[in-house]
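Accompanying notes for the structure given below.
The values are calculated or read from the model by the stated rules, or taken from the named source; none is laboratory data. Note that this is a predicted model, so its numbers are computed, not measured. Neighbour counts are summed over all protein chains in view; Cβ atoms, including those assigned to glycine, are modelled from backbone coordinates with ideal geometry. What goes into the accessible areas is simple: the full protein's heavy atoms, side chains included, and nothing from ligands, DNA or RNA. Shrake-Rupley method; radii C 1.70, N 1.55, O 1.52, S 1.80 Å.
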Amino acid sequence: MNAIKRNTNFLRFTAGPVKYFKVIGICLQPPETLSIKFARFLTVLTTLLLFVHQIAFLVTPGRTFVELSAAVGLLNYTTVGAGKILFLILNRHLLLKSYTQLQAIYPSEAVERHYKLDRYLLIYKRVETLLYNFFKYILIVYLVSPIVQSFYDLWSNGAYSYRMPTIIWYPVPLEESLLDSVSQLMLHLDLLAQRILELQPAEQGSMNDLKAIIEYHQRILTLAQDVNSIFAPSIVFSLASSSFILCFSAYQLLEDVSFIFALKVLLLLGYEMKQVVITCYYGDKLMDSSANLFNVVYAHDWTDGTPAYKRLVLIMLIRTYRPIALNVAGIADVSLITLKQVLSTSYQIFAVLKTA
């Protein structure tokens with residue numbers, strides 16, 4: 001019965017990412033069918049064609065400032081989205097491995113209830129709802145609006161004016177899959193911390209309990225490394241893209257633009273800020289959850305244990321000293337400090353463009 005409940009809650013966690021990955025040709029629930037392989041081929045082909053099409057639109061003579069600025073933003077989104085998709089497709093086997101391991105260690109519903117872990121699923125579902133609602137309005141403004149305007153010109157002037165719509169369907173599900181993995185890592189770290197506090201080192205069997213906890217922690221460390229390997233390129237693309245979009249969008253507002261165009265730019269600024277803030281916030285919370293594990297190991301009553309038990313505690317302290325973190329290509333950890341750096345970089349680029 002617990003296995004059924006465990007799987008049910010895990011599927012609620014991963015339902016969105018699994019569906020999206022299937023659309024782009026990544027199968028997380030084997031066997032991989034021919035339709036999945038065809039979807040993967042079609043995804044790569046259409047992404048490359050879209051990129052070439054946008055380059056051709058950008059270099060066409062006679063474009064206005066508004067058209068060029070919109071096209072540059074579109075090209076940025078396409079480059080970022082293509083990079084994320086291609087790296088995920090290349091790492092699809094590691095993604096399947098990570099998904100399988102997360103499913104295997106996901107706690108039962110009874111354990112979630114006992115340790116009050118269900119809040120991680122509730123918070124994640126709220127964030128997921130926020131992402132999709134925000135994306136829905138972005139989709140209407142940047143995809144549907146240009147098409148409607150072109151047909152309105154055809155109806156009123158008798159000439160169809162081509163406006164390239166911004167295809168931005170890719171960032172939301174990719175971002176969601178990262179937050180899904182990080183939420184589950186925080187859930188497991190919280191469960192580990194609570195189980196460590198329950199240890200009674202003076203009692204018989206505490207050594208076996210601690211060994212089981214160390215093995216559990218090792219599985220979490222391996223999963224964290226896999227998550228970084230899978231999503232590090234996506235994080236790099238997102239942060240670099242956000243710095244560019246934030247400063248370039250603000251620069252667009254310096255020109256004499258229409259009220260509607262200004263509203264679109266402000267909506268895009270909000271969308272980019274949302275993406276950076278949520279990613280950096282989750283990275284910061286993951287580091288806090290991991291750092292708390294070190295404090296809990298030291299705080300529990302390990303002094304009552306045997307010398308062998310104390311040696312295991314020392315090993316655990318060494319392993320938990322460095323917090324688990326989302327890593328940017330091995331260079332820096334993603335946290336709220338990263339958010340400050342992104343905003344600072346955006347302002348510096350904006351200042352250079354303004355004075356140029």
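A simple spin-label model places the labels of ALA56 and ARG219 5.2 nm from each other, with each point 7 Å out along Cα-to-Cβ. For LYS22, a cut-off of 25 angstrom between C-alpha atoms picks up these lysines, skipping any fewer than 8 places away in its own chain: LYS5, LYS37, LYS84, LYS97, LYS125, LYS136.
Figure note: HIS53, HIS114, HIS188 ranked by solvent-accessible area, largest first, 1.4 Å probe, ligands and nucleic acids not counted: HIS114, HIS53, HIS188.
For the range 27-123, what ratio Rg/Rh do Cα atoms give with a Kirkwood hydrodynamic radius?
Working: Rg = 20.8 Å, Rh = 17.2 Å.
Answer for the range 27-123: 1.21.
Solvent exposure of the chain amounts to 50 Å² per residue of accessible area, where only protein heavy atoms count and the probe is 1.4 Å.
Per residue of the chain, what 222 nm ellipticity follows from adding -39500 (n - 2.57) for every DSSP H run with n ≥ 4, rounded to the nearest 500? Walk me through the numbers on the way to the answer.
Working: 12 runs with 278 residues, N = 356.
Here the helix-only value at 222 nm equals -27500 deg cm²/dmol.
Among VAL18, VAL148, VAL328, the largest mean-square fluctuation in a Gaussian network model of the chain (Cα springs under 10 Å) belongs to VAL148. Within the listed set MET273, MET287, MET207, the Gaussian network model of the chain (springs between alpha-carbon atoms below 10 Å) gives the highest mean-square fluctuation for MET207.
The share of C-alpha pairs in the chain whose separation exceeds 37 Å stands at 30 percent. Distance from the C-alpha centroid of the range 307-321 to that of the range 192-254: 21 Å, rounded to the whole angstrom. Long hydrophobic helices in the chain, taken as whole DSSP H segments with a C-alpha length of 27 Å or more on their own axis and mean Kyte-Doolittle hydropathy at least 1.0: 34-59, 65-90. Estimated at 0.36 nm per residue, the fully extended path between ASP301 and VAL111 surpasses their Cα-Cα distance by 66.1 nm. When the residues GLU255, GLU215, GLU272 are ordered by accessible surface, computed with a 1.4 Å probe over the protein chains alone, the sequence from largest down reads GLU215, GLU255, GLU272. Taking the inverse of the mean 1/r over every pair of distinct Cα atoms in the range 263-356 gives a Kirkwood hydrodynamic radius of 16.4 Å.
Taking 17 Å as the straight-line reach from the Cα of LYS19, the aspartates and glutamates in range (excluding those fewer than 8 positions away in the same chain) are GLU32, GLU128, GLU175, GLU176, ASP180. Heavy-atom accessible area, probed at 1.4 angstrom with all protein chains present, ranks TRP302, TRP155 as TRP155, TRP302, highest first.
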